[in-house]
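Each remark here refers to the structure printed beneath this line.
Just so it is clear, none of the values below were taken in a lab; they were calculated from the coordinates. Just so it is clear, the structure is predicted and the values come from calculations on it, not from any experiment. Counting neighbours? That spans all protein chains shown, and the Cβs are built from the backbone with ideal geometry, glycine included.
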Amino acid sequence: MTASTRIVVVGGGLAGAKAVEALRDEGFDGSLTLIGDESHLPYERPPLSKGYLAGNDDRASMDVHDQDWYAEHKVALLLGTAATAVDTSAKEVELVDGRRIGYDQLLLATGSRARTLPLPGAGAHGVLTLRHVEDSDTISDAFSAGGRMAVIGGGWIGMETAANARDKGVEVTVIEAADLPLSMVLGPELAQVFLDLHREHGVEFQLGAGVEEITVTDGKATGVRLADGTHVPADTVLVGIGAQPNLGLAESAGLEIGSGEEDHPFLGGRIRVEHWANALNQPAVAARAMLGQDATYDELPYFFTDQYDLGMEYVGHAPPGSYARVVTRGDLDGREFIAFWLDADDRVLAGMNVNVWDVVDDIKALILSKQPVDVNRLTNSAQPIS
């Protein structure tokens, strides 16, 4: 590519920042612009419900690069400016302020937004979601104020926030439609581990519960009314019901979007992974493809969590209905173990290490081999994993 070639990256999060980094690392020396709707430098989001919310990580530690890095690598930043449409015939990105930015190649790294509840009271003061650094700050302020918090949704965001709330002395009730929190990811076998953990730390649960409304007095949330009539009192209500991909720009560009899914060559199907590792690793593949190089994204899905004294990593893909059984090695009751999701032929689909470290590569090797394992050996902690 010549120096006059213009690449525009839309998306001011981790993926956008890693994309411009990869383009420069791969030798692109043309015009490079990063557009983001937040006013901040691109930052990583996991700390928003983990270390930053807990007060252990400072704000600057979340930034992918500092201001000087962008200047040194000649990346033009257009922050606090939303892109509203893509004009593919003119090869321009339309901005909310009316400007149009021309491009020769365009990379969309627009990420997701927090899902909201279309219910009465959802817009009241004290009803929060967690996606941006300001959201985390607001939740932290709610911790400082004390009182009671209702968490709607027993997924990762909800459970991590609940753990941080309890560590700050806040009374917490988690409201979950399923019979167990995290069951859509972990299944009943391992979801029970997290339910027991949180109950030991004083979290109350309303499981198998539907939400009818968020109750409000004088414009402020006072709790959550469940479908069975139960009222869960709360001073703050966190809605943690998942993420919704930002597909508007891709749609305006006429792209086939497939609900934000990717075609994964190893897993043999289309999946959508809403985790940090995708934003970290996919941009380098996209950058190489834009520069005419061979590029395939075949990284296994990976995510992690920290809740109280439990640290966990999960690698692989084992959605409900895809596996035959779950086996473990180590101390399940003591929460120091490794779990493996196996198919009907005893091939490992996914693995999760809980308070056991430096084993992710070994678990990946088992998954990538696609070979049946000796289950007795696998579950014996005296034997090597691989």
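Brief remarks follow.
- Of all aspartates and glutamates in the structure, the ones whose alpha carbon falls short of 14 Å from that of Lys74, not counting any fewer than 8 places away in one chain, are Glu21, Asp25, Asp29, Asp66.
- Exposure proxy order (Cβ contacts within 10 Å, fewest to most) of Leu77, Leu106, Leu34: Leu77, Leu106, Leu34
- Using the Cα coordinates of the chain, the gyration tensor eigenvalues translate into equivalent-ellipsoid semi-axes of 36, 30, 18 Å, sorted from longest to shortest.
- Percent RCO, i.e. relative contact order, over region 267-386, from Cα pairs under 8 Å lying at least 6 residues apart: 18
- For region 220-238 versus region 7-55, the gap between their alpha-carbon centres in whole angstrom: 37
- Cα Rg over Rh - region 127-239, Kirkwood: 0.95
- A Förster radius of 45 Å combined with the Cβ-Cβ distance from Glu336 to Ala90 puts the calculated FRET efficiency at roughly 0.15.
- Once both labels are positioned 7 Å from their Cα atoms along Cα-to-Cβ, the gap between Arg113 and Asn56 label points is 3.2 nm.
- Summarising the label geometry, the points placed 7 Å from Cα in the beta-carbon direction at Asn376 and Glu200 lie 3.2 nm from one another.
- What the Cα convex hull of region 99-175 gives, in volume per residue, is 149 Å³.
- Arranged from fewest to most other beta-carbon atoms within 10 Å of their beta carbon, Phe304, Phe194 become Phe304, Phe194.
- Normalised contact order of the chain, rounded percent, pairs of Cα under 8 Å and 6 or more residues apart: 14
- Remark: Tyr43, Tyr302, Tyr308 ranked as Tyr308, Tyr302, Tyr43, counting other beta-carbon atoms within 10 Å and listing the fewest first.
- Extent along principal axes [Cα atoms of region 297-386; Å; largest to smallest]: 34, 33, 24
- Rg and Dmax, both from the Cα atoms of region 192-270 and both in Å, are 19.5, 54.
- On the principal axes of its alpha carbon atoms, region 190-348 extends 58, 48, 28 Å, with the longest extent given first.
- Sites Lys220 and Glu134, calculated FRET efficiency, Cβ-Cβ separation with R0 25 Å, nearest 0.05: 0.85
- Distance between modelled label sites at Asp361 and Gln192, nm, 7 Å Cα→Cβ extension: 3.5
- Proximal lysines to Lys168, defined as alpha-carbon separation beneath 29 angstrom and excluding residues fewer than eight positions away on the same chain: Lys50, Lys220
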